[in-house]
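Engineer: The structure that follows is given in the form of structure tokens.
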Amino acid sequence: MRQIPVDTNGATLMVAQPPQVKMRDKRNGVIATDGDNGPKLMTVDVLFVMNGNAEVVTVTVAEPDISGELEMGTPVALTGLIARPWENEFNGQKRHGISFRAVAVTSLAAGASKPKAA
């Protein structure tokens, strides 16, 4: 499958929707995992702003690779972001699009790496 690296240099990235569990099968409640027995996958909606254009993209990342509090508006860095074109057919209807996957999503908010006081 083709993987296209995405250059985020010069872009402003911020959380549009906090991380949510990615479902493999919504009807049966099956959670998507990275590989057969890997960590569960999460999706984060990220506002991608570059050259005066803004778009919200949904990025998939393994749960352990999300660092810091990711609340709406939090500036983030996307490590190893790639785009993958996809196509499928269901009930005779063809669909296609682009999915995004990152190695890590990291909060850039001040103090994001500090542990919370108990």
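Engineer: How many percent of the accessible area of the chain is carbon or sulfur, using a 1.4 Å probe? Walk me through the intermediate numbers first.
Structural biologist: Details: 4050 of 8180 Å².
Whole-percent figure for carbon plus sulfur exposure: 50.
Engineer: If you don't mind, another one. ³J(HN,Hα) across the stretch 6-18 via Karplus (A = 6.51, B = -1.76, C = 1.60, θ = phi - 60°), whole Hz, x for Gly/Pro?
Structural biologist: 10, 8, 9, 4, x, 9, 9, 10, 8, 5, 9, 8, x
Engineer: Kindly write out, for the stretch 30-43 in residue order, the coupling ³J(HN,Hα) from the Karplus curve 6.51 cos²θ - 1.76 cosθ + 1.60 (θ = phi - 60°), rounded to whole Hz, with x marking Gly and Pro.
Structural biologist: Along the stretch 30-43, the couplings run 8, 7, 6, 10, 7, x, 6, 10, x, x, 5, 8, 10, 10 Hz.
Engineer: If you don't mind, another one. Only one of the listed values, (1) 22; (2) 35; (3) 51, was derived from the coordinates as percent of Cα pairs over 23 Å apart; which label is it?
Structural biologist: Read-out from the structure maps to (2).
Engineer: Going Cα to Cα from K40, which aspartates and glutamates come in below 16 Å? Please leave out same-chain ones fewer than 8 positions away.
Structural biologist: D25, E63, D65
Engineer: Quick one: Karplus J couplings for the stretch 64-71, per residue in order, coefficients 6.51, -1.76, 1.60, θ = phi - 60°, nearest Hz, x for Gly and Pro?
Structural biologist: Listing the rounded values in order: x, 9, 9, 10, x, 6, 10, 9 Hz.
Engineer: So, one more: Excluding V105 itself, what net charge comes from residues whose Cβ is under 12 Å from its Cβ, given Lys and Arg +1 and Asp and Glu -1? Before the final figure, lay out the partial values.
Structural biologist: Numbers: positive: R101; negative: D45, E63, D65, E69.
After counting each charged neighbour, the total is -3.
Engineer: Restricting to the chain, what percent of DSSP beta bridges are antiparallel, rounded to 5? Write down the numbers at each step before the final one.
Structural biologist: Details: 36 of 40 bridges.
The answer is about 90 percent antiparallel.
The values are calculated or read from the model by the stated rules, or taken from the named source; none is laboratory data. These figures come from a predicted structure and were not determined experimentally. Neighbour counts are summed over all protein chains in view; Cβ atoms, including those assigned to glycine, are modelled from backbone coordinates with ideal geometry. Each accessible area value is taken on the protein alone, full model and side chains, heavy atoms only, with ligands, DNA and RNA left out. Shrake-Rupley method; radii C 1.70, N 1.55, O 1.52, S 1.80 Å.
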